[in-house]
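Read through the structure below, which is laid out as structure tokens, and then see the notes.
The values are calculated or read from the model by the stated rules, or taken from the named source; none is laboratory data. Note that the structure is a prediction, hence the values are computed from the model and not measured. Don't worry about glycine lacking a Cβ; one is built from the backbone with ideal geometry, like all the others, and counts go over all protein chains shown.
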Amino acid sequence: MKRREFIINSALVIGGTALLSGCGKKELIKSESQVVRRKYKDITVPLLALGCMRLPMKGKDVDMQELEKMVEYCMTCGANYFDTAYMYVDGKSETVMGKVLKKYKREDFILADKSPIYKMKTSEDVRKIFNEQLEKCQVEYFDFYMCHNINQNTFATYRDVRMVDELIKLKKEGKIKYLGFSFHGTPEILREVVKDYKWDFAQLQINYLDWDVVKAHEQYNIVQEQGIPVTVMEPLRGGGLVNLSDKALAKLKENSNNTPAEFGLRWAASRDNVVTVLSGMSNLEQVKENIQTFINYKEMSKEEEQLADEIAKIIQSQGEINCTACKYCMEVCPRGINIPANFALYNQYKVTNNKMLFKIYYESLADSEKADKCIKCGLCNKNCPQALDIPKLLSKVADEYNKISG
């Protein structure tokens, strides 16, 4: 057996590891030089997973050489859970992950994928697209599979095409091991969804800023009450909790030795009902840093929980736009505006107050991508998981640029 395979297989064996008692019902499994794992049903799952929405890029193509290094490092350190989706990286994510993971034994990695509700017209589409995804990923089954992005705008389609019924059939055929859903809607819709099926898991947007801002805490409680385990997405809020403002960063440094990324990931992982935390890592350096966090993982203390609340209040007081750069808005924008880029530039400007850089970067966008090209059609609002009034916020960005440009 190759050394790499031995390391990977060793990480999957519970025997010989130390069982650590976590808070509540959690069971943590620690092994030397491996990320901490958590017992889930009949398997163990790494507490850190690679989210495949923000892969390394070379121009418009995925940087395969960098991606292969990232995946190999993850596998070597026991972070063998990979989360992709039909639309990630402009539809490239499933295909490139299939190419990279083909090098490993199927039983040695955990693969999660999602059924794109927006592509569904009939019940037959559910199976048809599922089979396309299997082919792209070059696998015969998915470990974790989700009804993707259920919210108030997709809920009717999700019900109309009988998505759950179709996916249950695929689960009975052995093509899905664990069936769940990812959610970006209101608590009211979530209460309806949890009644539809005895779900194996739910994927929720959980981080210390959104805990109260977008009612993440209420959503978490809804699924926990139903006994549904949680996989976490956007634990660092699309990078927003890594690039903290000077005031927020100073607060963290005064009270913790953690980096912003380490602090945010530990906070998300410390929720009692969490199985794994997805991090959309874009290069090997990020992978190494985050894996180190989960090799040396420690639950948040009460003092750190309070610190997270204080940092969140600082961020909220600075008027940042609550955008996680999921790009769902761009799928329906008739003008091709790069909405997340505009918001990111604005947020960074508000943090740094660097007018020159804001002006330079805004002007570096293609003309069609700029905020002032918005025609206020409102289509983007229907796709926004954060329920933002995007046209209004784009006007805010454009007005700020015009003010700086004189």
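Consider the stretch 74-95. How many of its residues are of a type outside the set (D, E, K, R), touching an Asp or Glu at 6+ places or on another chain (Cβ under 9 Å) and in contact (Cβ under 8 Å) with a residue 40 or more places away in the chain? Selection size over the stretch 74-95: 7.
Scanning the stretch 197-239 for residues that are touching a residue at least 12 places away in the same chain (Cβ under 8 Å) and touching a helix residue (DSSP H, G or I) at 6+ places or on another chain (Cβ under 7 Å) yields a count of 21. Residue-level check: of (1) surrounded by fewer than 18 Cβ atoms within 10 Å (Cβ to Cβ); (2) touching a strand residue (DSSP E or B) at 6+ places or on another chain (Cβ under 8 Å), C147 misses just (1). Inspect the stretch 224-235 for any residue being more than 18 Å from the chain's Cα centre (by Cα), within 20 Å of F183 (Cα to Cα) and part of a helix (DSSP H, G or I) and give the result as yes or no. Yes: one or more hits.
In the stretch 29-41 there is no residue matching the filter, namely being among the aromatic types (F, W, Y), outside any loop (DSSP other than H, G, I, E, B) and in contact with a helix residue (DSSP H, G or I) (Cβ under 8 Å, 6 or more places away or on another chain). A search for C-beta distances below 6 Å between a residue of the stretch 27-44 that is more than 19 Å from K288 (Cβ to Cβ) and any residue that is of a type in the set (S, T, Y), counting only pairs 6+ apart in sequence or on different chains, returns I29/T17; I29/T44.
Determine whether the stretch 40-63 contains at least one residue that is acidic (D, E) and either farther than 26 Å from F201 by Cα or modelled with pLDDT of 95 or more (or both). Yes, the stretch 40-63 has at least one match.
Can you find a residue that is surrounded by fewer than 21 Cβ atoms within 10 Å (Cβ to Cβ), under 23 Å from the mean Cα position of the chain (by Cα) and charged (D, E, K, R) anywhere in the stretch 328-342? Looking through the stretch 328-342, at least one residue is surrounded by fewer than 21 Cβ atoms within 10 Å (Cβ to Cβ), under 23 Å from the mean Cα position of the chain (by Cα) and charged (D, E, K, R). Determine, yes or no, whether T122 is closer than 23 Å to C329 by Cα, surrounded by fewer than 23 Cβ atoms within 10 Å (Cβ to Cβ) and β-branched (V, I, T). So T122 fails the test. Can you tell me which residue among D90, D83 is within 23 Å of L236 (Cα to Cα), under 20 Å from the mean Cα position of the chain (by Cα) and at pLDDT below 95? Result: D90 is the single residue among D90, D83 that is within 23 Å of L236 (Cα to Cα), under 20 Å from the mean Cα position of the chain (by Cα) and at pLDDT below 95.
Look at the stretch 391-402: where a residue is closer than 10 Å to N342 by Cα and at pLDDT 95 or above and a partner is charged (D, E, K, R) and not in a helix (DSSP H, G or I), sitting 6+ places away or on another chain with Cβ atoms under 8 Å, you get A398/K370. Of the residues that make up the stretch 337-352, is at least one more than 24 Å from R237 (Cα to Cα) and at pLDDT 85 or above? No, because not a single residue in the stretch 337-352 is more than 24 Å from R237 (Cα to Cα) and at pLDDT 85 or above. Of the residues making up the stretch 267-286, those that are crowded, with 24+ Cβ neighbours inside 10 Å and part of a helix (DSSP H, G or I) are W267, A268, A269.
Here F142, F155 are screened, and the one residue that is within 21 Å of L278 (Cβ to Cβ), in contact (Cβ under 8 Å) with a residue 24 or more places away in the chain and out of contact with any Cys (no Cβ under 7 Å at 6 or more places or on another chain) is F142.
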